[in-house]
There are 6 protein chains.
Amino acid sequence: MNAYLIQNLTWKEYQAKAKDGILIIPAGSTEQHGFHLPLGVDAIIASNFALRVAEKVGGVVAPTLTYGYKSQPSSGGGPLFPGTIDLNGATFTSLVKDILTEFLADGWQKIFILDAHYENEAFIAEACDLILRNPKNAFPKVLLGNWWDNIDPDLLAKIFDEVEFRGWALEHAAITETSLMMYFAPELVHQELSIDESFNPPTYQCFPLHDSLLPSSGSLYTARSSSADKGKIIVDNVVEKISSFLTKEFSELS
Amino acid sequence: MNAYLIQNLTWKEYQAKAKDGILIIPAGSTEQHGFHLPLGVDAIIASNFALRVAEKVGGVVAPTLTYGYKSQPSSGGGPLFPGTIDLNGATFTSLVKDILTEFLADGWQKIFILDAHYENEAFIAEACDLILRNPKNAFPKVLLGNWWDNIDPDLLAKIFDEVEFRGWALEHAAITETSLMMYFAPELVHQELSIDESFNPPTYQCFPLHDSLLPSSGSLYTARSSSADKGKIIVDNVVEKISSFLTKEFSELS
Amino acid sequence: MNAYLIQNLTWKEYQAKAKDGILIIPAGSTEQHGFHLPLGVDAIIASNFALRVAEKVGGVVAPTLTYGYKSQPSSGGGPLFPGTIDLNGATFTSLVKDILTEFLADGWQKIFILDAHYENEAFIAEACDLILRNPKNAFPKVLLGNWWDNIDPDLLAKIFDEVEFRGWALEHAAITETSLMMYFAPELVHQELSIDESFNPPTYQCFPLHDSLLPSSGSLYTARSSSADKGKIIVDNVVEKISSFLTKEFSELS
Amino acid sequence: MNAYLIQNLTWKEYQAKAKDGILIIPAGSTEQHGFHLPLGVDAIIASNFALRVAEKVGGVVAPTLTYGYKSQPSSGGGPLFPGTIDLNGATFTSLVKDILTEFLADGWQKIFILDAHYENEAFIAEACDLILRNPKNAFPKVLLGNWWDNIDPDLLAKIFDEVEFRGWALEHAAITETSLMMYFAPELVHQELSIDESFNPPTYQCFPLHDSLLPSSGSLYTARSSSADKGKIIVDNVVEKISSFLTKEFSELS
Amino acid sequence: MNAYLIQNLTWKEYQAKAKDGILIIPAGSTEQHGFHLPLGVDAIIASNFALRVAEKVGGVVAPTLTYGYKSQPSSGGGPLFPGTIDLNGATFTSLVKDILTEFLADGWQKIFILDAHYENEAFIAEACDLILRNPKNAFPKVLLGNWWDNIDPDLLAKIFDEVEFRGWALEHAAITETSLMMYFAPELVHQELSIDESFNPPTYQCFPLHDSLLPSSGSLYTARSSSADKGKIIVDNVVEKISSFLTKEFSELS
Amino acid sequence: MNAYLIQNLTWKEYQAKAKDGILIIPAGSTEQHGFHLPLGVDAIIASNFALRVAEKVGGVVAPTLTYGYKSQPSSGGGPLFPGTIDLNGATFTSLVKDILTEFLADGWQKIFILDAHYENEAFIAEACDLILRNPKNAFPKVLLGNWWDNIDPDLLAKIFDEVEFRGWALEHAAITETSLMMYFAPELVHQELSIDESFNPPTYQCFPLHDSLLPSSGSLYTARSSSADKGKIIVDNVVEKISSFLTKEFSELS
């Protein structure tokens, strides 16, 4: 039984943590991740990062948002791929808004939304803005972050030792996500099925989407040279970085 | 790795099942369940039932809806309890509608929503109606059911051998849910903390809610005489019953 | 001229009652009710109960909600029947929310919504919750109730003297509604057209709906043995019960 | 029993009329109408006009929309008056849209919405446009009209024999509405309470509204010289005119 | 560089005006205006009036709303004409609501919405009502007006010297709008293309719209006898009238 | 009179272009742009780019969206700055959806949305997806692009000759926008007021926003070394690039 997950706590145990504790809400998706990774990659990565941050800062973790906003062709493959089960923007924003409203009503002062699906961010930020735009007090405070913006730039050289880094937008089902999955859930990685995709996204978006603007596998870039070790390097670095700014932003209160 | 969960499948594996397979979507909640059960009871019960039905009928299971519609005082304890994290009706309906729309777009013809949180049903039905009201064809077909309506009435005597059955509305955190949890996830049951609640719900609803219309523990009825054995009896019976009507309703197609 | 109906009052007369009075809002539907009852059954029953409760407790009655939420197959026959004119959930919730907001702005402290269409309740409760979730004060207070939950269980034996009681869900266009109509509006009852329906609803819902899950007449159960006398028995009992809890819940204020 | 009202019909009787018949939906409001008229004026006038038109053209009448869009200060008195119970624009549009959608699904080809509350019209038209903008066929066809635009201009001299006609916007609780009420429901008219209001509305709107932009009684103009005879003159003329264009617009089909 | 337009100001310049200044928001449309006038007529007229009022009262002008609510057949020609690009009611109301909310958050106390597209008004008023219904204070105050309600009645004789005035609803692409355009933007007027339309609008609305209820040119009435001189007469008069009531309504504060 | 702007065309002129022409919709914002640039920067840049692309490809330009989605702290300064007048996500998406729906109904097959406000893109894409997700045909086709993704990477060295390029997110009111304004509308640039801002955005977002996460001027990076010449270089390059992909994507049809 993992006592960091609020779903495993009774309401009395949960209530005891709300006043001073840190609540982490992982946000993922159900989305294609190439030939070699499963649909749950973003949810699995978000959940695992959240648990490690919770351990580090003494927080608890809410149920993961397993359905997210729409996958985009140039950063996730888009809606033409089977298994990409996305929410409309209004729905996803309402979902986040309702959940936040409820947690705030329970007295949480320090909430962190840990996102692992890039396309979620504009709509999570919209939800947060709708609730907390007018700063009545410094707290309650909701922070929103992801893992890729919290990797030390110096680390990139270690991760992209064999393959050139071409920007985070292409890291869908590529080296970083594959390495993280090899570290967090190796049994779900079929590295033998990955192919050396190297997709050049267009400089514009097209509606309706057509196939020639998409990679055939669903990966946006090669996963070659991925490893659990690289996954661990990323995790250690990101957990450290996130814990550090959580501590800073949340310290004004306690 | 559980291969019944679509989050563990690649998009190619998932795609192969969509045409003829059965998709089961478990719907739960994050809600107080008395002193002795955790917040995740409904989600855990829904997920476990879904897996067993999937095994039986050869289906797969979508990510569980872990946040649901609002807990009601007379069947779940209501919003005054900490840890009850509920969605507004419009949000929950949109959530179900978007997900169903995406699964139908992927070609699924046979979908079953397995609910374990009573209050969800009106809003899930609304979502289904908004999508599938006008019967163009017999398929795609979406069925919606729960576990309590699919228990053989004869079985009630076995389950309520020490305690009188007072209706399903009161079975929140009581014998049946406690027994199911003792069977599915015994490590999450703190039977020693349960108390002998026997709540008489009013014949009306009151807004705003006040404490005198609520049980203090959050349980609506006693959990005394619960057991993993009773949990197993329920599970075996319900899985049989659900599998049976899924087979009947979905057989017209294949 | 019925002076219990606010539609018959000038704004000055209305204003004089708002501060201390009780306002009753009847909620019905426009829905098929078998071969022998008219589409307006729920609205007619709600309006008549409301008037009698108003007389008893000294309240006034708002215009009846004559269009309601969607009829369900297992408790009302559903959308396949002509004459069933239903609102979407979001619309019905907004309708109730707007009306309540306006009455509260006029200063009413004691409001009772008297429902006679089962399917309305989840969406009326949603509207009330959206307005009054956070209890600033004990008042204004909105109560929501129906007639069937307020019948004395002992009375059932008298009503179901010839026919077995099979649960309220089946009482659509059956003995209780027919008896109430024979008492309230006998000229609208075509008892000679009623047939001995005995519908076994499925243990699940199906979308799109198909005919084999529906009774052919639209009644869910027999209306045999209905009578105006039985109608009167129900009315007397329910008006007494409702008046009693209105007095209790609303007494804290005046 | 009034057999022109669909609420009094069984679903079989209703169904028989849908294919070729004309359905009339009266739209009113719950709104202050000065010292001498009740809150229900618009609903009562709409219902009565609808019944007479139905008799004339052989149609049936749906339940009246008794709550309407917001009363405006310069044509109805506005929200500061008690007893003015208004819907938001989005709600009222959804209400009309849902009802129309249901009636169209039942097969009605010829629908007339008869409005007696000026402020309703923009939002009813919006609902109709959202459903029927793209003309697939000439039918189904929905017409929207009111009584004042269908009075013969020559008749105005007879009605305004003692008092000058100052435009329809000021005819709120004034001569025409008072005369119609004296004809339709004389027991609800307290002519002795009416005062000689003569309101000069501003050439702009102001938010928030302030008292100096409003008449104190709620009437916008005098009701002096009203009479049941004038009411009858209006009714005869309007029913004739409406029946005439209904026949013309709906004749293309049958 | 026009310093009356806020789009030309830096945020520091803008901020300096918010506390005591008057903000004018012009509301137009993109809509057909007959054979001789361009799609932008309403936006151009609104913008030009706004600038002149701003000069007169010392205010500033926000970016014009160039897309408006739906053109109606009897006052603007309606949706069947190409180039009529309209917003749904809910969208237009949200647009106005969001913009007003932001301006109010910046501290503006005196806002005037100057409309030049009749159909906009119900939906702008709805937006204002949703924000400012409950009068907490006299300020902030939002006024809503147009140019036609602010023309001195005596002036009509001068403008309609050759042609009879048949009501404002028909003044779409007719004498007044043509004259205003000849004054504000003569290079956009193709007077040689105008035809002598004289449209008799029906006394009801019809959905779906059919051609026989529309003028062929899109003008609702003749533009004959239009002139820049008449345009100037209107402008001088309206700017005077609007400035006068702005001064009166806004003077209570400063 | 600029004949590339549809607001200057009559409906007959407009209609003649819809069948084969290209329609360009510029999307901007009303947002602070530092001490030296006006609130209208994004709208002005979008409009000017649109006109030049229209000249090049023979298209026309719709009225600019002058109010956009919310400015974000790390790419635009955010809501704490006066003059930042933003729409909620749902509003902006509806606005784009309604306009596109209308243009498509007028027969346009080739539409390009040219964005100059980064934060708009997720919500414009959402609108396009809601309308055109299911590819019935290759056309109508809507493309969405901006100017910064269409700058030749080789050009960056010329523009950032004195100052290091630190990513597009920081180019708010910095060298590229200032240079574009010096080229398009030099009279609106107060270069003397610009200061050498060099903002380090946090790796997370914070709600409510606090000042220490913001640059004081509103610029995110220095505008030093900006020039009209650099503006021209960008414009020439971007217009070429955009025209090129418009021609390619739209050529399949004509």
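The values are calculated or read from the model by the stated rules, or taken from the named source; none is laboratory data. Bear in mind that the values here come from a model prediction, so they are computed numbers and not experimental data. Ideal geometry is used to build each Cβ from the backbone, glycine not excepted, and the neighbour counts take in all protein chains shown. Heads up: the accessible areas ignore ligands, DNA and RNA and are worked out on the full protein's heavy atoms, side chains in. Shrake-Rupley method; radii C 1.70, N 1.55, O 1.52, S 1.80 Å.
Before moving on, here are some points about what is shown:
- Condition check for C:Lys141: out of contact with any Phe, Trp or Tyr (no Cβ under 6 Å at 6 or more places or on another chain) and of a type in the set (Lys, Arg): yes
- Take the conditions (1) open to solvent by 20 Å² or more (accessible area, probe 1.4 Å); (2) assigned to a helix (DSSP H, G or I); F:Arg224 misses just one of them, which is (2).
- Of the criteria (1) more than 14 Å from chain C (Cβ to nearest Cβ); (2) free of Cβ contacts under 8 Å to residues at least 60 places away in the same chain; (3) not in a helix (DSSP H, G or I), which one B:Ser217 fails: (2)
- Condition met for B:Lys230 (basic (Lys, Arg) and either closer than 25 Å to C:Ile124 by Cβ or out of contact with any helix residue (DSSP H, G or I) (no Cβ under 6 Å at 6 or more places or on another chain) (or both)): no
- Top-ranked residue of the stretch B:111-139 - restricted to ones that are more than 9 Å from chain C (Cβ to nearest Cβ) and open to solvent by 10 Å² or more (accessible area, probe 1.4 Å), ranked as nearest to C:Asn120 (Cα to Cα): B:Tyr118
- First in the stretch F:113-128 and more than 12 Å from A:Asn88 (Cα to Cα) and modelled with pLDDT of 95 or more, second anywhere and open to solvent by 10 Å² or more (accessible area, probe 1.4 Å) and of a type in the set (S, T, N, Q), Cβ under 7 Å, 6 or more apart: F:Tyr118/F:Ser75; F:Glu119/F:Gln72; F:Glu119/F:Ser75
- Selection count where residues are within 16 Å of B:Ile99 (Cα to Cα) and among the basic types (Lys, Arg), scope the stretch B:113-145: 1
- Exactly one residue out of A:Ala90, A:Ala46, A:Ala105, A:Ala54 is more than 25 Å from B:Ala27 (Cβ to Cβ) and either modelled with pLDDT of 95 or more or touching a Gly at 6+ places or on another chain (Cβ under 8 Å) (or both), and it is A:Ala54.
- Checked against (1) in contact (Cβ under 8 Å) with a residue 24 or more places away in the chain; (2) in a helix (DSSP H, G or I); (3) of a type in the set (Ser, Thr, Tyr), F:Ser212 meets all criteria but (1).
- Qualifying residue in the stretch E:151-172 (condition: small (Gly, Ala, Ser), under 13 Å from the mean Cα position of the chain (by Cα) and either open to solvent by less than 10 Å² (accessible area, probe 1.4 Å) or within 14 Å of chain D (Cβ to nearest Cβ) (or both)): no
- Scanning the stretch D:232-254 for residues that are under 22 Å from the mean Cα position of the chain (by Cα) and more than 13 Å from chain E (Cβ to nearest Cβ) gives D:Lys232, D:Ile233, D:Ile234, D:Val235, D:Asp236, D:Val239.
- Residues that are more than 8 Å from every other protein chain (Cβ to nearest Cβ) and open to solvent by less than 10 Å² (accessible area, probe 1.4 Å) were ranked within the stretch B:98-109; the one that is nearest to A:Tyr67 (Cα to Cα) is B:Leu100.
- Whichever residue in the stretch C:11-61 is open to solvent by 30 Å² or more (accessible area, probe 1.4 Å) and within 11 Å of chain D (Cβ to nearest Cβ) and, among such residues, is farthest from D:Met1 (Cα to Cα): C:Lys19
- Filter pass, E:Ser219 being surrounded by fewer than 21 Cβ atoms within 10 Å (Cβ to Cβ), hydroxyl-bearing (Ser, Thr, Tyr) and more than 21 Å from E:Pro153 (Cα to Cα): no
- In this entry, A:Gly77 passes the filter for residues that are at pLDDT below 95, crowded, with 24+ Cβ neighbours inside 10 Å and within 30 Å of A:Ser219 (Cα to Cα).
- Evaluating A:Asp229 against the criteria (1) away from every other protein chain (no Cβ under 11 Å); (2) among the acidic types (Asp, Glu); (3) in contact with a strand residue (DSSP E or B) (Cβ under 8 Å, 6 or more places away or on another chain) leaves one unmet condition, (3).
- Residue within the stretch A:176-192 that is within 14 Å of chain F (Cβ to nearest Cβ), assigned to a helix (DSSP H, G or I) and either touching a Pro at 6+ places or on another chain (Cβ under 7 Å) or not charged (D, E, K, R) (or both) present: no
- Flag if B:Phe207 is touching a Cys at 6+ places or on another chain (Cβ under 7 Å), open to solvent by 10 Å² or more (accessible area, probe 1.4 Å) and among the hydrophobic types (A, V, I, L, M, F, W, C): yes
- Residue ID - nearest to C:Pro79 (Cα to Cα), chosen from residues in the stretch C:227-254 that are open to solvent by less than 30 Å² (accessible area, probe 1.4 Å) and either of a type in the set (Phe, Trp, Tyr) or at pLDDT below 95 (or both): C:Phe245
- Residues being within 7 Å of chain C (Cβ to nearest Cβ), assigned to a helix (DSSP H, G or I) and in contact (Cβ under 8 Å) with a residue 24 or more places away in the chain - total across the stretch D:62-96: 2
- For the stretch D:127-175, the candidate set comprises residues that are outside any loop (DSSP other than H, G, I, E, B) and among the charged types (D, E, K, R); within that set, the residue that is nearest to D:Ile22 (Cα to Cα) is D:Lys141.
- In the stretch D:193-204, of all residues being part of a loop (DSSP other than H, G, I, E, B) and more than 20 Å from E:Arg133 (Cβ to Cβ), the one that is most open to solvent (accessible area, probe 1.4 Å) corresponds to D:Asn200.
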